[in-house]
Amino acid sequence: MSLIILVLTFYLLILIMEIAAIILKSTGMEIGKARFQALSALTSVGFTTRESELIVQHPLRRRVISVLMVISYLGMATVVGSVFGSWTKKITPHQVLIAGSIFVGGFLLFSNRYLINIFERGLEKQIKKSFLHHQTFWEVLKLSDDYGVAEFILHPDAPLVGQSIAGSKIRDKGIFIMAI
C-alpha cells in the first residue's frame, strides 16, 4: 500500500505544481518561468532569480508560492512515510502491479499535450473568472464602443507629418492627442 501512496503522492504533487504554474501564468508570467518558480517552491529549493522578484511583488503570486511551500512539507512527509512504510512491510506483486499501472497511466496522461492544453485552458478560464478581478491594459484603454486610447505611428510621407496639431485640424475629427 505504501508504494501505491508514493506513486499517487508523486502525481498529486505534479498536478499541484501544474495548477500553481497556470495560476502564475494567469497573472501574467510566462509559463516556463511560472513552472520553474512553482517547482522551486514545491521542492523547497528556493532559487533566487529575477523572476522571484516578480513573485514577491504580486500578492496572488506570493499567496500561490506560500501555499506551495506548505504543501511541499506535507508532500515530503508523505513520501518519507511511504518509503519507510514500504521498508517495514512486505510489498506484494499485486501492489507493484497496481503502483506500476498508476505510474504508467499517470505518465501517459501527463505527457498527452492535447489533454494538458484542454486542462490548462479550462483551469486558466476558471482562475481568471474566480481570482483575477483586474482589467488588462487594452480593456482600460477602451473607454466605450465609441471612445478609447490608441497609439499611431506616422510614416515619414504621411499627410500629418510637418503640420502643427492646430494646423492639422485633427480635433475636428474627434481625435485628441495626449502625447507625442
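The values are calculated or read from the model by the stated rules, or taken from the named source; none is laboratory data. Owing to the predicted nature of the structure, the values given are computational and were not obtained by experimental measurement. We place every Cβ from the backbone using ideal geometry, glycine too, and count neighbours over all the protein chains shown. Quick note on the areas: whole protein, heavy atoms, side chains included, nothing else; ligands and nucleic acids left out. Shrake-Rupley method; radii C 1.70, N 1.55, O 1.52, S 1.80 Å.
Summary table below
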item	result
Ranked order, VAL96, VAL7, VAL149 - accessible area, probe 1.4 Å, largest first	VAL96, VAL149, VAL7
Sequence of PHE176, PHE84 from largest to smallest accessible area, 1.4 Å probe	PHE176, PHE84
For ASP172, solvent-accessible area (1.4 Å; no DNA, RNA or ligand), Å²	130 Å²
Rounded tilt (10° steps) of 93-110 against the dominant C-alpha axis of the chain	10 degrees
Cβ-based charge dipole, the chain, positive-most Cα from MET69, GLN126, ILE180	MET69
Segments 163-170, 24-31 sorted - mean Cβ within 10 Å per residue, highest first	24-31, 163-170
The chain, accessible area per residue, ligands and nucleic acids excluded (1.4 Å, Å²)	73 Å²
Per-selection Kirkwood Rh - the chain (Cα, Å, 1 d.p.)	20.7 Å
Helical contribution to [θ] at 222 nm, DSSP H n ≥ 4, -39,500 (n - 2.57), averaged over the chain, rounded to 500	-21500 deg cm²/dmol
Convex hull volume of the stretch 17-101 per residue (C-alpha atoms, cubic angstrom)	98 Å³
Solvent exposure ordering (accessible area, 1.4 Å, most first) of MET76, MET178, MET17	MET178, MET76, MET17
Per-pair calculated FRET efficiency, R0 = 35 Å: GLU53 and TYR11 via Cβ, rounded to 0.05	0.65
Solvent-accessible area of ARG113 with every protein chain in place, 1.4 Å probe, in Å² to the nearest 10	120 Å²
Carbon + sulfur, % of accessible area of the stretch 1-103 - ligands and nucleic acids excluded, 1.4 Å	73 percent
